[in-house]
Each structure stands twice: as structure tokens, then as C-alpha cells.
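Report on one structure; see the data block that follows.
The values are calculated or read from the model by the stated rules, or taken from the named source; none is laboratory data. Predicted, not measured: the structure shown is a model, and the values here were computed from it. Using ideal geometry, Cβ is built from the backbone for each residue, glycine included, and neighbour counts are taken over all protein chains shown.
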Amino acid sequence: MTASSMASEILIEAESLPNHGGWKLDTQFIDIMGSPYLMAHGLGKPVADATGEFQADESGTYTVWVRTKNWVEKFAEHVDESKAPGTFQIAINGQTMEHVFGASGADWAWEKGGTVDLEKGKADIALRDLQGFNGRVDAIVLSKDANFQPDNTSETLPKWRREMLGVDGDPILKQYDIVFVGGGYGGSCGAISAARMGLKVALIQNRPVLGGNGSSEVRVWAKGKTPPGLYPLGDIVREFMDSASKSPGPYEEFEDAKKFNIVSAEENIDLFLNHHAFEVVKESDSQIKSVRAFDTRTSEIREFQADFFCDATGHGVIGLMAGADHTPVYDGVRMGMSNMWLWKLNDQPASFPETPWALDLSEDDFPYPRKFHAEWFWESGYFKDPLLDLEQIRDWNLVASFGAWNAIKNKGAFADYDETGAAHANAELEWMAYIGGTRETLQLLGDVILTEDEIVNKRPFEDGSVLSTWSIDLHYPREEYAKKFPDNPFISVAVHGKGVDRKRGYPVPYRCFYSRNIENLFMVGRNISVTHEALGTIRVMNTIGMMGVVVGKAASIAKKHGTNPRGVYQDHLPELVELMKLRGNYRRNSVDETPAIDPALPALEPVPELWIRPETLSGIVVDEADADLAGAWKHGTGLDGYVHEGYHFTRAASKDPKTVASATYTFTIPRTGDYELRFASQAHEGRSSKTPIQVNSDKETETVFVNQRLSPPLGRGFFGLGAFPFTEGKTYSVKITNENVDGLVSIDALQILPLKK
């Protein structure tokens with residue numbers, strides 16, 4: 001426990017109490033208000049006391065100060081702040097002080113609570129929650145000087161605190177090849193990747209669990225596919241990812257222990273949970289020397305020196321502290337923060353306290369939380385500063401969510417949904433996230449700033465790596481629920497663009513993953529080098545995890561050749577490509593070794609191909625997109641296994657000549673001889689069983705009929721049409737029509753293979 005005494009003053013950091021009881025450790029807002037703190041997140045039921053002891057070096061009468069706030073007072077325009085929900089008391093040596101803390105003050109401040117008489121020696125202290133509605137305690141100061149006023153600076157670990165806590169000396173020095181700050185999917189998978197490529201790695205996470213938004217604390221299920229595509233970058237992500245089946249879902253499905261065990265099993269990784277990075281030390285204007293972090297439970301400071309650093313915080317705070325070029329906070333409607341919640345039905349009635357301090361809501365103000373959960377769209381912060389206003393954004397989500405539950409439980413909202421007549425009477429709030437899931441802050445700028453147009457138009461980059469398979473998904477306030485609080489809506493709508501092939505993906509350039517002006521800084525996650533619009537597709541967790549895998553491999557190359565992240569692209573891109581081709585179970589002990597399969601690592605089955613790249617097929621390949629199409633054809637991607645961009649289909653022709661459709665493939669042969677023709681198609685019961693395919697060759701025109709309801713018998717989804725003679729330099733054709741068929745006609749690629757003599 002961090003409790004220090006300097007003669008007449010005693011400082012007790014609330015987070016350092018050895019028994020937190022039912023209080024939660026909140027580390028989200030250290031950069032705003034200067035410290036971790038304890039919060040009584042009891043969902044309307046007072047939580048168990050947080051307890052510990054401290055040392056009084058002198059007997060006497062001490063004035064007690066507590067740094068706290070009335071967390072709803074900032075919303076006084078919309079709520080009754082006088083009914084402060086987060087009140088608590090302090091008990092010392094078993095005696096509860098009369099003063100009730102947390103009833104006033106919109107901002108963090110030291111609240112004077114009266115006096116207590118102490119004898120020299122050890123004393124017990126307890127934080128006693130009164131309501132279960134998010135009372136919060138940063139620290140307690142006891143002073144024999146009645147006129148003493150604690151310093152209220154919001155600087156992280158201010159000097160006076162360090163001195164009183166005895167942590168003002170030299171930090172504990174640690175040396176690594178690369179330091180990842182942030183333990184979400186990007187940081188964790190990046191650390192694993194780097195460790196398996198022979199680097200000594202530190203992974204710093206200011207929470208007690210890994211996974212970030214995909215942990216049990218936030219409970220967002222991991223989205224984005226890990227397709228085979230260019231490289232098997234998804235192997236480590238699939239190894240790390242949880243089994244969550246819904247968002248939010250049960251605690252167990254997010255598998256915090258599994259994530260911890262996978263990272264901890266890597267001998268090259270030192271994991272520092274509950275550590276907050278608060279300072280960057282520069283070697284030069286363009287080089288980071290070290291990152292300093294403190295243990296959020298003890299305030300002990302460690303300094304991490306390394307050749308390379310990776311900002312995986314999501315907020316880009318390491319880059320900001322290092323002076324990295326970055327975008328300003330987006331001045332349009334930003335994507336916000338979500339705090340989701342769950343409820344359940346009991347066999348007996350369950351009560352919930354009235355919440356006059358929360359938003360006064362009716363069923364017209366929010367959607368009914370069906371299936372016992374309030375989902376991702378409980379989101380706010382669209383018009384707030386995503387760094388400076390972060391605590392306010394989270395707290396607004398809480399007053400909205402508690403107000404909604406109060407409307408359901410105590411005001412008869414959504415009575416029509418209560419089919420049993422007792423469901424809402426028996427309903428109980430089961431879980432609510434106090435750790436927010438943030439979607440957008442700002443972007444650190446790399447050598448490429450990826451835009452929406454480049455993604456939609458599929459601009460090729462030679463360093464394309466991670467396949468982004470999520471649509472360009474941007475969030476906005478949902479208009480029907482924004483009427484009552486237009487200045488601060490709390491229900492969102494997702495607007496999905498159509499520019500991303502969600503099966504094939506778009507290869508995001510490696511040059512988005514490092515800073516353009518801080519030479520040894522990588523970045524992964526939602527703070528990479530993209531525009532606001534492009535953020536909509538790269539921000540989901542499986543995609544972010546693959547970014548980490550690329551950075552881990554790139555860092556090993558940079559270490560091997562004594563270069564920097566940019567140098568990997570400029571001078572060693574072929575080597576990076578070769579490492580990206582390796583499956584996730586490859587390992588090397590040092591960067592100078594050749595990676596080899598580690599039999600102790602899981603050999604995951606390859607992800608099935610959802611589409612086929614033409615360059616992976618032998619012979620001559622003519623895609624249906626290059627065929628001459630006549631009539632009404634539609635483009636499709638709904639059935640897996642197609643070649644290139646998709647396939648086309650059309651209905652059977654009727655007696656009306658206008659409904660006749662045809663597709664004609666043309667090709668020339670490089671050498672006279674016999675060739676096998678193959679035709680790609682996907683099976684479906686609604687397709688024609690007798691699709692006619694006319695082949696023009698050096699023989700007479702021949703018609704072959706294909707049953708498109710059956711799975712193609714040849715490898716990779718092809719039907720064999722037969723062997724035909726062709727002459728070098730001549731142009732030939734294959735024609736498909738929808739005449740006299742009994743279902744949809746579908747066309748994909750034509751393959752021409754020379755027959756061996």
C-alpha cells in the first residue's frame with residue numbers, strides 16, 4: 001500500500017489500498033486528471049469497503065482531505081445534481097467520519113472532511129460507499145496543519161506526490177529491443193509477433209487484463225476477417241482471440257485468462273499490467289530514448305529503454321508526447337465512446353433505486369434493450385474532445401444508461417414489451433461497462449496517409465499488407481433519439497459504405513504503421529496514419545491485431561539491419577514480404593537466424609479461401625469481368641470461392657427476346673496444340689442444371705452443358721469442359737447464354753490449360 005507520511009502530512013493513494021473491496025480501479029483518465037482512482041461501480045447497490053492501513057509518525061489531531069467530485073454536477077443543465085449519486089464516507093480505526101464526500105464540486109478537487117485524532121503508529125482506513133452509483137476517490141491526505149491545502153494539480157504524478165510517496169528517485173531501468181504501449185489486440189499480437197521473430201519485448205498495459213475493447217471490461221466482440229489473402233497474418237490473431245458470440249456478452253466468453261496465458265508463455269515478452277505510460281524521454285528531436293510508466297497500484301516508476309517503440313494506445317498518446325506529426329482532432333462528427341450493459345430476469349422481483357440525478361427518459365428517448373443487452377450504439381462524444389473530455393463522455397453514458405434503466409424499472413417504460421406481466425418487475429441490471437470503448441481520437445501520420453478514395457478505388461501499394469475487410473463504417477447520432485439532447489446525443493447509427501470487399505479485403509500499406517518524423521516509432525490500431533473516413537474500415541480488432549503482427553516482423557528486420565521503420569520499406573521490403581508469408585507458428589531465437597516451425601506452437605488450419613486470386617491459377621485465365629456481356633447481368637459476391645472480384649448471374653430467358661443474355665469470353669493461344677478448358681462456378685440449388693456453354697475451337701463449335709446446382713468436381717471450383725485444339729495467334733471464343741435453362745445462369749472465370757504431350 002502506498003501511504004506516506006512527511007512529518008505532519010500523510011498521503012494515501014486510494015488505488016494502493018490492498019483490499020479494494022467492491023471498488024473498481026479506473027485508469028482511463030490519468031492524462032486528464034493526473035491519477036488512477038477507485039470508483040464504487042455498484043449498479044445501485046453500495047459496494048464493499050476498500051480497506052488498508054497507514055502509519056502516523058506523530059500523535060495529534062489531523063484534518064482529512066479527499067480528492068473527489070460530484071460526478072453529475074457537470075450535467076446540471078439536464079439532471080438534479082443536488083441528488084449526488086456518488087457519495088461516500090471515510091472510516092478511520094473503525095470510526096466513520098460524519099462528513100459525506102462527493103456531494104459537491106463538478107471538477108476534481110480536495111474536499112475537506114473534518115478532523116480525526118490519531119495515536120502514533122498504524123491506523124486502519126476504509127472507504128465506505130453509500131449508494132453504489134460511481135462515487136470516486138483519488139487520494140486522501142491527513143494533515144496536522146489546519147490551514148494545509150493539498151495541491152490540486154492535474155499533472156500526472158506531480159512532484160509533491162512523488163516526494164511524499166518516496167518514488168522521486170531514479171526509476172527502475174529496463175532495456176528492450178521494442179516496447180509496445182497498449183495491450184489491446186494490436187499491442188498484444190504485435191508483442192507476440194516480435195517475440196517470435198527474436199526480439200526482447202516489453203508490453204505495457206494500464207489495465208489488469210489484455211484485449212482492450214475486446215476484454216471482459218468492455219466486451220466488444222472482435223470483428224474483421226483474417227482471410228488468407230496476401231499473407232497469413234491472421235494466425236497469431238486467431239490464436240489470441242476470444243470466443244465471444246455477442247457484444248456485450250458473458251464475462252467468460254472474452255477469455256481474459258487465455259489472452260494472458262498466451263502472452264505470458266512467450267519467454268521474450270515481459271508483461272507489465274497495471275502500468276501507465278506517462279512520459280517520453282527523447283534522444284533527439286526525431287528519436288525516442290525511453291518511455292516511463294508507473295504502477296497504477298503502487299506508483300513505482302519504471303523506465304523502458306529500447307531501439308523501437310510502438311504506440312498501440314488507440315489514443316496516440318505516446319506519439320503526442322514524442323512530438324509525432326498527427327492530425328488535429330477531427331472537426332466533423334466524430335465517432336464516440338460506448339459503455340454497454342446487460343440485464344437479466346430473476347425468478348423474484350428485483351428493485352432498483354430511483355435516479356433523480358440521471359437523465360429523465362421515456363421510452364421515446366432510447367431503443368428497448370432487447371435480448372437483455374444494450375449494444376454498441378449506446379455511444380456519445382460526437383462533439384466532445386476525445387482526449388480532454390473523455391471522463392465526461394463516459395459519465396454522460398452512465399447518466400443516460402442509468403436513466404434508461406430507471407425508466408424501464410420505475411416508470412413503466414416499454415410496458416408493451418413485458419409479455420409476462422412481471423418481466424420488468426423481475427428484471428435486474430447485471431453488468432455495465434465503466435471502461436469505455438472509444439472509436440476515434442486522432443491519427444499519427446506516416447509516410448502514407450490512407451484515404452477513403454484509395455480504398456474504394458483499390459489503389460495498389462507495393463507494401464500492401466494487412467487486409468482490411470470491414471466496410472467504411474462511420475457512426476453518427478441516431479436522429480430519432482437525438483431530439484431531447486441535440487447537444488449530446490447518446491444513441492448512434494452506423495453508416496456503412498460500399499467500397500470494401502468484405503471477403504477479399506483491401507491491403508493497407510505498411511507505411512501507415514510508422515511515424516513520418518519520429519524515426520523509431522511504430523503505431524498500430526485506430527491511431528495509424530489514415531483519414532477519418534478510412535478509419536471506418538481499419539478500426540476493428542482482428543484487423544488491428546494483424547497490424548501488430550506486421551510491426552513485430554518489421555521491427556525484427558530493423559533490428560537485424562540496424563535501420564529504422566522507414567528503412568525497412570526503403571531497403572528491405574522483400575525481406576518483410578518473406579516474413580509476412582510465414583505462418584504464426586514460426587519462431588527464431590535471434591534476428592540473425594532463419595525462422596523455423598516451433599512444434600510447441602499451435603499449427604492452425606489455414607483460413608479457407610473465400611475467393612481466388614487469378615495469379616494463383618495456371619494457364620490462361622479470363623475473368624468474367626473481361627467477357628463481353630449482353631443483356632441483364634448482375635454482379636454477385638454472396639457465394640464463396642469466386643475468382644477475382646466476384647461473378648455475374650442472370651435469370652432464365654423467357655419468350656421475350658429482350659430477356660436473352662449472353663457472355664462471350666475471347667482469348668488467343670501462345671502455341672498450337674490441345675488445351676483443356678475449365679469453367680469456374682459456385683453451386684446453388686437455384687441455378688440452372690443445364691447451362692449451355694458453346695466452345696469455338698479448330699473443331700466444329702461444340703456445346704457443353706453444365707449443372708450449376710452441383711459442386712464443381714475439379715479443384716478450386718472448376719468444371720471441366722473438355723480438350724480442344726487451338727492454333728497459335730488465332731482468336732477463339734466461349735459463349736454462355738440463358739436460353740432454354742431451368743434456373744439462374746452464373747458465370748465466373750474461364751481457364752485454358754495446355755495438355756501435356
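Of the residues Ala494, Ala427, which is modelled with pLDDT of 95 or more, of a type outside the set (S, T, N, Q) and outside the structural domain of Ser215 (by TED's automatic domain parsing)?
Ala494
Residue by residue, here is whether (1) at pLDDT 95 or above; (2) of a type in the set (Gly, Ala, Ser); (3) surrounded by 15 or more Cβ atoms within 10 Å (Cβ to Cβ); (4) part of a loop (DSSP other than H, G, I, E, B) holds:
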position	(1), (2), (3), (4)
Phe649	yes, no, yes, no
Ser654	no, yes, no, yes
Lys658	no, no, no, no
Thr666	yes, no, yes, no
Tyr675	yes, no, yes, no
Phe679	yes, no, yes, no
Gln694	yes, no, yes, no
Glu700	no, no, no, yes
Leu721	yes, no, yes, no
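So if I check each of Asp325, Asp311, Asp307, which one is in the same structural domain as Gly545 (by TED's automatic domain parsing), at pLDDT 95 or above and crowded, with 24+ Cβ neighbours inside 10 Å?
Only one candidate qualifies: Asp311.
Looking at (1) buried (at least 24 other Cβ atoms within 10 Å of the Cβ); (2) aliphatic (A, V, I, L, M); (3) without any contact (Cβ under 8 Å) to a residue 24 or more places away in the chain, which is the only condition Ala482 fails?
(1)
Any residue in the stretch 580-602 that's touching a residue at least 24 places away in the same chain (Cβ under 8 Å) and of a type in the set (Lys, Arg): show its pairings with residues that are crowded, with 19+ Cβ neighbours inside 10 Å and not in a loop (DSSP other than H, G, I, E, B) at Cβ separation under 6 Å, as long as the two are six or more apart or on different chains.
What qualifies is Arg583/Asp235; Arg587/Arg196.
Take the residues in the stretch 126-146 that are among the small types (Gly, Ala, Ser) and under 18 Å from Glu391 (Cα atoms); name whichever of them is surrounded by the most Cβ atoms within 10 Å (Cβ to Cβ).
Gly135
From the list Phe180, Phe88, Phe133, which residue is assigned by TED's automatic domain parsing to the domain that holds Thr51, farther than 17 Å from Ile12 by Cα and modelled with pLDDT of 95 or more?
That would be Phe133, the only listed residue that is assigned by TED's automatic domain parsing to the domain that holds Thr51, farther than 17 Å from Ile12 by Cα and modelled with pLDDT of 95 or more.
Report, by residue number, each residue of the stretch 245-276 that is surrounded by 18 or more Cβ atoms within 10 Å (Cβ to Cβ), over 19 Å from Gly552 (Cβ atoms) and not charged (D, E, K, R).
Ser247, Pro248, Gly249, Phe254, Leu273, Asn274, His275, His276
Does Ala202 satisfy the condition of being touching a strand residue (DSSP E or B) at 6+ places or on another chain (Cβ under 7 Å), in a helix (DSSP H, G or I), closer than 20 Å to Arg588 by Cβ and at pLDDT 95 or above?
It is false that Ala202 is touching a strand residue (DSSP E or B) at 6+ places or on another chain (Cβ under 7 Å), in a helix (DSSP H, G or I), closer than 20 Å to Arg588 by Cβ and at pLDDT 95 or above.
Do we have Asp447 as touching a helix residue (DSSP H, G or I) at 6+ places or on another chain (Cβ under 8 Å), closer than 22 Å to Tyr569 by Cβ and of a type in the set (Asp, Glu) here?
yes
Tally up the residues in the stretch 532-578 that are surrounded by fewer than 24 Cβ atoms within 10 Å (Cβ to Cβ) and either over 29 Å from Lys259 (Cα atoms) or of a type in the set (D, E, K, R) (or both), please.
18
Just the residues that are at pLDDT 95 or above and surrounded by fewer than 20 Cβ atoms within 10 Å (Cβ to Cβ), please, taken from the stretch 633-647.
Lys634
Considering only residues of the stretch 580-590 that are under 25 Å from Val508 (Cα atoms) and not basic (Lys, Arg), which is surrounded by the most Cβ atoms within 10 Å (Cβ to Cβ)?
Gly584
Checking the conditions here, which among Phe294, Phe278 is in contact with a Lys or Arg (Cβ under 7 Å, 6 or more places away or on another chain), of a type outside the set (Lys, Arg), closer than 18 Å to Ser35 by Cβ and at pLDDT 95 or above?
Testing whether each residue is in contact with a Lys or Arg (Cβ under 7 Å, 6 or more places away or on another chain), of a type outside the set (Lys, Arg), closer than 18 Å to Ser35 by Cβ and at pLDDT 95 or above leaves just Phe278.
Considering only the stretch 723-749, how many residues are of a type in the set (D, E, K, R) and either buried (at least 19 other Cβ atoms within 10 Å of the Cβ) or outside any loop (DSSP other than H, G, I, E, B) (or both)?
3
Exactly one condition in (1) in contact with a strand residue (DSSP E or B) (Cβ under 8 Å, 6 or more places away or on another chain); (2) more than 30 Å from His561 (Cβ to Cβ); (3) in contact (Cβ under 8 Å) with a residue 60 or more places away in the chain; (4) not in a strand (DSSP E or B) is not met by Asp124; state its number.
All conditions are met except number (4).
Is it the case that the stretch 128-142 has a residue that's more than 30 Å from Trp405 (Cβ to Cβ) and not aliphatic (A, V, I, L, M)?
no
Where in the stretch 1-92 are there strands (runs of 3 or more DSSP E), lying fully within it, with 1 or more residues that are among the acidic types (Asp, Glu) and surrounded by 18 or more Cβ atoms within 10 Å (Cβ to Cβ)?
By residue number, 9-13, 24-26.
Can you go through Gly720, Gly673 and tell me which one is touching a residue at least 40 places away in the same chain (Cβ under 8 Å) and at positive phi?
Going through Gly720, Gly673 in turn, the sole match is Gly673.
For Thr115, state whether it is of a type in the set (Val, Ile, Thr) and either part of a loop (DSSP other than H, G, I, E, B) or outside the structural domain of Leu25 (by TED's automatic domain parsing) (or both).
No; evaluated as a whole, the condition is false for this residue.
Any idea how many residues of the stretch 526-572 are touching a strand residue (DSSP E or B) at 6+ places or on another chain (Cβ under 6 Å) and of a type in the set (Val, Ile, Thr)?
So the count comes out to 6.
Among the residues of the stretch 213-220, is there at least one that is within 21 Å of Ile597 (Cβ to Cβ), crowded, with 19+ Cβ neighbours inside 10 Å and either touching a residue at least 12 places away in the same chain (Cβ under 8 Å) or not assigned by TED's automatic domain parsing to the domain that holds Arg370 (or both)?
No, the stretch 213-220 contains no residue that is within 21 Å of Ile597 (Cβ to Cβ), crowded, with 19+ Cβ neighbours inside 10 Å and either touching a residue at least 12 places away in the same chain (Cβ under 8 Å) or not assigned by TED's automatic domain parsing to the domain that holds Arg370 (or both).
Exactly one of (1) under 22 Å from Leu345 (Cα atoms); (2) crowded, with 23+ Cβ neighbours inside 10 Å is unmet by Gly381. Its number?
Checking Gly381 against (1) under 22 Å from Leu345 (Cα atoms); (2) crowded, with 23+ Cβ neighbours inside 10 Å, the one that fails is (1).
For Gln131, state whether it is within 27 Å of Gly42 (Cα to Cα) and in contact with a strand residue (DSSP E or B) (Cβ under 8 Å, 6 or more places away or on another chain).
Yes; evaluated as a whole, the condition is true for this residue.
If you take the residues of the stretch 448-458 that are part of a loop (DSSP other than H, G, I, E, B) and at pLDDT below 95, which of them is nearest to Gly234 (Cα to Cα)?
In this case the residue turns out to be Lys458.
Being in a strand (DSSP E or B), of a type in the set (Val, Ile, Thr) and buried (at least 21 other Cβ atoms within 10 Å of the Cβ) is the filter here; which residues of the stretch 486-525 pass it?
Ile491, Val508
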